[in-house]
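> Starting off with a structure, shown below.
Bear in mind that the values in this text are calculations on the coordinates, not laboratory data. Nothing here was measured: the structure is a model prediction, and the numbers come from that model. Cβ placement follows ideal geometry from the backbone for every residue including glycine, while neighbour counts extend to all protein chains displayed.
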């Protein structure tokens, strides 16, 4: 099957520091759900950052949607990022915009009209359980609400790939479980998900293949739904 | 702060452009009078009849010169009303008689030849291509016009630098917002558009402030001073042009601000990537 994300002998290191990733190769099939685990500082966020082209300097080849990221021009990066959804642990909502405007933003970036994007964002807020908070400023939302707002924003463009960096880090167990139910629903809708986490309980409760990062190397622990492979590209 | 600065800049640019228009209007009149004709001054005599005869003879002579369009005796009143009130004391009006001759533009006139003929026939006459006072004014006005235009240009450049600096500071302040926007796929032009919108808002407010100050000053000047003297011969005071400038300057400044904001943002963002 054609892969959605493919790493081929990818190495990454910060300046003169130790290698974060060392000759990492793997590929992920469309529609899969993978956890990305590892100790703090193992390189989980860096790997996600490589996928959304947050780094320029790395060795090896990274292909996403069949495009080699190294040869992607600056102008094309914006359009590429519109095709992926990114969820950050610290939310990164725009504090000066209302929740509705934050969620509608990806559609505005795509060039959709104000009315259309507002309407779609309202529908999304209802679906994700944030109905009634349209005009609320992000600072007034709880951690769980903020996380749902970020998820809503990240899936507004109907991305094919969703990258989540420790999305449950600021949530209690109940909200973390709700989030995973939501992710599974999105995954059933065809979105490929890579979720960085160090919450072992969640990975047990909601079993999916795990990409484990340790000392610059990765290992993939397949599950019954795994369609990924490691070091065999 | 920035809005006040922009308002002041709009006001100053309006003043400069209005000044340039006014000077241009006067210069046109003065150039016209100095280039196309000359003024002859006949010495005064004790006998008014003799003076009159001298005048008539001189004018008869002038009419025979090819290309002459118009001959006019400059009355004491007119002379005083136009320039001489600035150069002579009104309590001591000039006693000499001045006659102004205007020539057709399309005829090539050799003033030196005419002057030599006139001086041969009327040895006591004093001839001038234009008035000396006018020539002096012309030079001063031209220099002032040039300086004002340079000043307007400098104000424009200062406006560009002010906006570039403000935009740059804005880019630094909103660094995190820009980073988030880029992460969710915002193109540089989208980010530039947000800054342009903000700059336009400032430009409109500043423009209105500058416009109001200019209009106020203009009204004050018109109600305080008598500008009918400045209209000279047949030319009128350039009301339309000056009102046009007052209306146009904010638009010009807004355009400059929008362009410089866009360039600053696009350049800064392209350096970051």
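> Rounded to the nearest 0.05, what FRET efficiency is calculated for residue A:142 and residue A:2 with R0 set to 25 Å and r the Cβ-Cβ distance? Mind dumping the intermediate values first?
Working: r = 40 Å, r/R0 = 1.61.
Computed FRET efficiency for residue A:142 and residue A:2 comes out at 0.05.
> Going by the alpha-carbon gyration tensor, a ≥ b ≥ c the square roots of its eigenvalues, is the stretch B:154-223 rounded (a/c under 1.5) or, if a/c is not under 1.5, prolate (a/b greater than b/c) versus oblate? Before the final figure, lay out the partial values.
On the way: a/c = 4.24, a/b = 2.88, b/c = 1.48.
Prolate.
> Among A:195, B:258, B:266, rank each residue by its count of other Cβ atoms within 10 Å, from fewest to most, as a rough exposure measure. Don't skip to the end; give the middle numbers.
On the way: A:195 29, B:258 18, B:266 15.
Ranking A:195, B:258, B:266 by Cβ neighbours within 10 Å, fewest first, gives B:266, B:258, A:195.
> Okay, moving on. For peptide B:174-184, how many partner chain Cβ atoms fall within 10 Å of a residue's Cβ, on average?
On the way: counts 2, 0, 3, 5, 0, 1, 10, 5, 4, 8, 18.
Rounded to a whole number, the mean comes out at 5.
> Next question. For chain A, rounded, prolate or oblate, judged on the Cα gyration tensor with a ≥ b ≥ c (square roots of eigenvalues), a/c < 1.5 rounded, else prolate if a/b > b/c?
Verdict is prolate for chain A.
> How far apart, in nm, are the 7 Å Cα→Cβ label points at residue B:143 and residue B:115?
Simple spin-label model gives 2.3 nm for this pair.
> For the stretch A:91-158, what log10 I(q)/I(0) values come out of the Debye formula at q = 0.14, 0.25, 0.26 1/Å, with one point per alpha carbon and no solvent?
For the stretch A:91-158 at q = 0.14, 0.25, 0.26 Å⁻¹, log10 I(q)/I(0) is -0.32, -1.06, -1.15.
> Now for a separate question. Let me have the relative contact order for chain A, percent, based on Cα pairs under 8 Å that are six or more residues apart. Write out the running numbers ahead of the final one.
Numbers: 426 pairs, mean separation 71.2, N = 233.
Reported relative contact order: 31 percent.
> Let me ask something else. Among the DSSP beta bridges whose two residues both lie in chain A, what percent are antiparallel, rounded to the nearest 5? Intermediate values should be presented prior to the final figure.
Details: 20 of 37 bridges.
Restricted to chain A, the bridges split so that about 55 percent are antiparallel.
> Helix A:99-110 against the longest principal axis of chain A: what's the angle in degrees, Cα atoms only, rounded to the nearest 10?
Result, in degrees: 60.
> If you stretched the chain out fully between residue B:1 and residue B:169, how much longer would it get, using 0.36 nm times the residue separation minus the C-alpha to C-alpha distance? Write out the running numbers ahead of the final one.
Details: separation 168, 0.36 × 168 = 60.48 nm, distance 1.38 nm.
In short, 59.1 nm is gained.
> Between residue A:173 and residue B:154, take the C-beta separation as r, use R0 = 56 Å, and let me know the FRET efficiency to the nearest 0.05. Show your work: numbers first, answer last.
On the way: r = 66 Å, r/R0 = 1.18.
Working from the Cβ atoms, E equals 0.25.
> Also: Please compute the average number of Cβ atoms from other chains found within 10 Å of each residue's Cβ in peptide A:72-84.
On the way: counts 0, 1, 6, 4, 0, 4, 10, 2, 1, 6, 4, 1, 3.
Taking the mean over all residues of the peptide, I get 3.
> Over the Cα atoms of the protein assembly as shown, Rg to Rh with Kirkwood Rh, two decimal places? Don't skip to the end; give the middle numbers.
Values: Rg = 39.9 Å, Rh = 29.7 Å.
Rg/Rh for the protein assembly as shown comes to 1.34.
> What is the angle, in °, between the Cα long axis of helix A:114-128 and the longest principal axis of the Cα atoms in chain A? Nearest 10 is fine, range 0 to 90.
Between the helix axis and the principal axis of chain A, the angle is about 70 degrees.
> I need B:16, B:104 ordered by Cβ neighbour count within 10 Å, fewest first.
Values: B:16 22, B:104 13.
Fewest-to-most Cβ neighbours within 10 Å comes out as B:104, B:16.
> Most exposed first by the Cβ proxy, i.e. fewest other Cβ within 10 Å, how do B:136, B:20 rank?
Numbers: B:136 11, B:20 20.
The order, fewest Cβ neighbours first, is B:136, B:20.
> Within a 10 angstrom radius of each residue's Cβ in B:44-54, how many Cβ atoms of other chains show up on average? Whole number is fine. Working shown, then result.
On the way: counts 0, 0, 0, 0, 0, 0, 0, 0, 0, 0, 0.
The per-residue average across the peptide is 0.
> If you don't mind, another one. Where both partners of a DSSP beta bridge lie in the protein assembly as shown, what percent of those bridges are antiparallel, to the nearest 5? Mind showing how you got there, number by number?
Details: 35 of 52 bridges.
Of all bridge pairs located within the protein assembly as shown, approximately 65 percent are antiparallel.
> Could you work out the relative contact order of the stretch A:91-158? I mean the mean sequence separation of Cα pairs under 8 Å and 6+ apart, divided by the number of residues, in percent.
On the way: 80 pairs, mean separation 33.4, N = 68.
Relative contact order, the stretch A:91-158: 49 percent.
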